[in-house]
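What follows is a single structure, written as structure tokens, with notes after it.
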Amino acid sequence: MRSGPVKLPWNDYSRKLSPLKLIVFVSLFLPGMWAAIRFGLAQEALSGIKEARPITEAIHQVGLWTIRLILIALAITPLKAILLWQRLILVRRMVGVAAFAYIILHFTLYIADENFNLVTVASEIVKRTYLTIGFTALVGLATLAATSTDKMVRRLGRKWQTLHRLVYLICLLGLIHYSMQSKLEQWEPTIADGIFVWLMGYRLLAWKFAVRGRLSLGWVAGLGVVATVLTGLGEALYFNIAFHVDPLRVLTADFSLQTGVRPAVIVGAFSLVVLLAGAARTKLAPPPKSRARFA
């Protein structure tokens, strides 16, 4: 029995080369390569300094890219609808599997940092809440990666979609782990939280108000405003709880740019770019074909 051609990662469903998948496939290696280069340069520059720990920075960078890739994977569905770009869905699985690869590398680097002492690693995971949360996210992402093949999709049937909705909880756990690990440096964790709010908000609105799978741009605009405001309020609440800073002072700084570009501004800019891109795509889209009328 002759088997068909092997489906390569950069091929589409018809096993033909997809330039989009090829570009994304290559791009997914770049953060890991950059982290490796930085690690090598740091080791060389800090050789002989006992306190220097370049591996710690590598652990953080790889973990950060895990969060980013999960958010990118979650962004594909709304962007596909807003931008009327159906083929974007081709790269969602690839990005999700890459997130799993990065979280495995993140965990492996952590084990290496503990001198491959698995007893110590297990003990730390049990004792430290943020590590327990991170390890739970790892197990969840491993489950999704193991069931992401075409064969498992067919075997699980409708249960597959239910299972893979766990990615929302996994992402939330990852964000909590990231925020707890970052401690005082909350700039990027807050941005990630705000984008997560936008992504979840879009899904809720689309479930209720989408027409033919697409949410109107008016709803997208409103969602951007809400996500931006919630990001600012979240940051103000954090500074109030952690440092007893007046929330109004934080909110004023958020939107005045006196202390630099704050997370709420980044989330607002992200929302605006998506909205404008969606508006441009809608304007450029070909008009729907009218049906022939018969007398």
Projected convex hull area of the chain, Cα atoms, direction-averaged, in nm², equals 23.5 nm²
Efficiency of FRET from Cβ geometry, Ile89 and Asn115, R₀ 41 Å, rounded to 0.05 | 0.45
With the other protein chains left in place, how much accessible area per residue, in square angstrom, belongs to segment 1-154 at a 1.4 angstrom probe?
-> 60 Å²
Could you pull out every one of the lysines with an alpha carbon less than 23 Å from that of Lys80, ignoring same-chain neighbours closer than 8 positions?
-> Lys16, Lys21, Lys208, Lys283, Lys289
Check cross-link reach from Lys183 to the lysines: straight Cα distance under 25 Å, and skip same-chain residues fewer than eight apart.
-> Lys50, Lys127
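The values are calculated or read from the model by the stated rules, or taken from the named source; none is laboratory data. Here the structure is a predicted model, which means the values were calculated and not measured. All Cβ positions, glycine included, derive from the backbone under ideal geometry; neighbour counts span all protein chains shown. Quick note on the areas: whole protein, heavy atoms, side chains included, nothing else; ligands and nucleic acids left out. Shrake-Rupley method; radii C 1.70, N 1.55, O 1.52, S 1.80 Å.
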